[in-house]
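Input: a single structure, listed below in structure tokens.
Rule-based calculations on the coordinates, nothing more; no lab input. What you see is a predicted model, and the numbers here were worked out from it, not measured in a lab. Please note: Cβ atoms are built from the backbone with ideal geometry, for glycine as well, and neighbour counts cover all protein chains shown.
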Amino acid sequence: MDAALFVFAVTALAMAPAGAAETSVSIGIDYSTGDYGESDDTDITYIPFTGKYETDGWIAKITIPYIRITGPATVLPDVGRVGGEAPRRTESGLGDIIIALTREAYASQNLLLDVTGKVKLATADEDDGLGTGENDYSLQLDGYMPVERATAFSTLGYRIMGDAPGTDLDNVFFGSLGFSYPVSDTLSSGAILDLREKTSPQGDPRSELMVFATNKLTPDWNLQGYLVRGFTDGSPDWALGLVVVYRGPLIPTEKRPGR
């Protein structure tokens, strides 16, 4: 879910001029399906609205999502399987709000490093199975490196999982590796491999591959489409989505990758 916005930010390297402080807003839709080790599939529709402000090496970002889930009650969004067999349910509503603060830690012509602290607020209804009902906290290091015309990027982080009543969630390491390549002045494409340890004794590690393309429609509008294939029961079998980002005349264009 969040990876799509991360990858969109990276592709801006090939398509955006330099600028000062910047603000952007985006909306996306992500649909995923998978069995997560259960006998029945779980289908999740995730619609995030994201606002972002960057200035002087700092980035503040908030994501407010709507979520709809159909499947066994033992499968939780962004967590996976947390128990044994359970009846299917269909629920929808506000998801967990995510607040992130990023600081540029190092910058040169050949390497950019960012440090990000992130809080997942437990705004989703745990009684409906839309979340765990507890806050999560994570810290991550993102690196970006130009390789000829492409940009290689990676993430390494640690997430402290809040334990909801009746669940036993483990803190986890997570990471990713990927690249973005400018096909033209307006089109960029690439791939990202996303990995995470399992979050519960009943669950599995996450391993999935995303391929994506981002198109600069106008100086103010960008569109990204992506497809995800999961390789373990900790990931969906398949996911696809779209992200639209707007930067208007009063919203300066992006100046750096990884935002």
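Could you list, in their original order, any pairs among Lys52/Lys216; Lys52/Lys198; Lys118/Lys216; Lys61/Lys216; Lys120/Lys216 whose Cα atoms are separated by more than 20 Å?
Values: Lys52/Lys216 18 Å; Lys52/Lys198 30 Å; Lys118/Lys216 28 Å; Lys61/Lys216 22 Å; Lys120/Lys216 30 Å.
Too far apart for the 20 Å limit: Lys52/Lys198; Lys118/Lys216; Lys61/Lys216; Lys120/Lys216.
Were the residues from Asp128 through Ala191 laid out at 0.36 nm apart, the gain over their Cα-Cα distance would be 19.3 nm.
So if we plug the beta-carbon distance of Leu121 and Thr218 into 1/(1 + (r/R0)^6) with R0 = 35 Å, what FRET efficiency do we get, rounded to 0.05?
Numbers: r = 34 Å, r/R0 = 0.96.
Here the calculated transfer efficiency is 0.55.
Rounded to 0.05, the FRET efficiency of the Thr23 and Arg88 pair, given R0 = 45 Å and the Cβ-Cβ distance, is 0.60. For region 145-253, the fraction of C-alpha pairs farther apart than 18 angstrom is 62 percent.
What is the spin-label model distance, in nm, from Val147 to Leu209 if the labels are put 7 Å beyond Cα along the C-beta direction? It is 1.5 nm. Taking 20 Å as the cut-off, the amide N atoms of region 133-168 that come nearer than this to a point 7 Å along the Cα-to-beta-carbon line of Ala105 belong to 137-146, 152-161.
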